[in-house]
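These notes concern the structure reproduced below.
The values are calculated or read from the model by the stated rules, or taken from the named source; none is laboratory data. Remember, it's a predicted structure, so these values are computed and weren't measured experimentally. Cβ placement follows ideal geometry from the backbone for every residue including glycine, while neighbour counts extend to all protein chains displayed.
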Amino acid sequence: MIIKPKVRGFICITAHPEGCAAHVQEQIDFVRSQAPLRNGPRKVLVIGASTGYGLAARIAAAFGGKAATVGVFFERPSTNGRCASAGWYNSAAFEKKARREGLYVKSINGDAFSNPVKERVIRVLKNELGPLDLVIYSLAAPRRVHSETGLLHKSVLKPIGESFSGPTVDTDRGIIKDIHLPPASKREIGDTVAVMGGEDWEMWMNQLGEAGLLGEGCRSVAFSYIGPKQTWPIYKRGTIGRAKHDLAKAAQRIDASLKTTGGGAFISVNKAVVTQASAANPNLPHYISILYKIMKNKGLHEGCIEQLYRLYATQMYNDSGTSLDETGQVRLDDWEMKPEVQNAVAMLWKQVTNENFQDITDYAGYKAEFLKLFGFGIPGVDYGAPCDPEVDF
């Protein structure tokens, strides 16, 4: 069948298997163009491994340091001639390419919040790989069925304490429009923390530790974002910010536990990039379109794979150690938050109108990166040729 992009709001409901494979190859090629990771991780578990930062973390570890990787994700395979999800195609392509390199690779598709999936991962590690030296936690899920209580929690992107009104990008029509969001209820705040906070990360680490699968010197990393003041009402000061605060508290407890065996845990605060998660945030597409224009002009632009390679090469597996800020976090958003970048963003933000938006920002770059998430717009892929949507691991 011939597969074309079908965008509905902040999601594309189709994905191209050959395009997703080419996108994975682009990331592999970048890692191969860099210096190999010296003393990098050897046995890595990535929880949330199929898209965005989680996929990049897996690619950088495998192709930068020849690590054995286990990836956990919840993706949709192709059924009845329909497309699989982009994450399914990404993971299938990664497995195929990693095996060609002679690398150990194992992928587990299922609900990472559930005990059965945790138990399955533990069995695989005990039987095939042994204790880990790196655990990446990169879940960005809209909902969670709590493994202990059975309660369903749904995350929301809302402000706390007061309503928010501001600009967003209508990606269907390519225009700026105003949005109004009411403040989150106490229940919505609690649910968002339950989904996006640190409890499940701790559950994973506790169960892996009890099973003897956290090796000496094991490290663990989760990802977060802070951003500039323009994004704070929904992000830092909103429901997702409350969840990220909870995630940071969990990092401190996990760090204390891992330090007893020479390891540690921390949050990596990454830059704003185009991912399925950021596309769902009402004011990030507008901000990212402006940010990309500035950072590309200054030669500072990075995507997920550049960020993750830099995390490994300059912060985790180098001779000078990990540089933490006053809150104990790694700041991979350092280039984004440079005063000269943020001052330029603020100036351009004031100039943007519906009439000039597509001309003076990098909305075209944002849209191109968004479509690449689903395997579209990749050079060298013949999108006019029929392809088989059914791809197996």
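At a glance:
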{"read-out": "Top-ranked residue in the stretch 6-63 [being acidic (D, E) and either touching a Leu at 6+ places or on another chain (Cβ under 8 Å) or in contact (Cβ under 8 Å) with a residue 24 or more places away in the chain (or both); ranked as nearest to G209 (Cα to Cα)]", "value": "E26"}
{"read-out": "Helices (runs of 4 or more DSSP H) within the stretch 1-100 that include 3 or more residues within 25 Å of G217 (Cα to Cα) and not aromatic (F, W, Y)", "value": "52-65"}
{"read-out": "Failed item, numbered, when V105 is tested on (1) under 20 Å from E390 (Cα atoms); (2) touching an Asp or Glu at 6+ places or on another chain (Cβ under 8 Å)", "value": "(1)"}
{"read-out": "Output for the stretch 106-135, where each listed residue is within 24 Å of S78 (Cβ to Cβ) and without any contact (Cβ under 8 Å) to a residue 24 or more places away in the chain", "value": "P116, R120"}
{"read-out": "Helices (runs of 4 or more DSSP H) contained in the stretch 282-393 and holding at least 2 residues touching a residue at least 12 places away in the same chain (Cβ under 8 Å) and closer than 17 Å to D172 by Cα", "value": "284-297, 357-360, 363-372"}
{"read-out": "Unique match (being of a type in the set (G, A, S) and in contact with a helix residue (DSSP H, G or I) (Cβ under 9 Å, 6 or more places away or on another chain)) among A346, A368", "value": "A346"}
{"read-out": "Sole residue being farther than 29 Å from V24 by Cβ and either under 26 Å from the mean Cα position of the chain (by Cα) or of a type outside the set (A, V, I, L, M, F, W, C) (or both), chosen from E336, E355, E390", "value": "E355"}
{"read-out": "Per-region count, the stretch 124-147, residues assigned to a loop (DSSP other than H, G, I, E, B) and either over 25 Å from G264 (Cβ atoms) or of a type outside the set (G, A, S) (or both)", "value": "6"}
{"read-out": "Sole exception among (1) in contact with a His (Cβ under 7 Å, 6 or more places away or on another chain); (2) surrounded by fewer than 19 Cβ atoms within 10 Å (Cβ to Cβ) for D359, by number", "value": "(1)"}
{"read-out": "Any chance S185 is farther than 27 Å from N270 by Cβ and modelled with pLDDT of 95 or more", "value": "yes"}
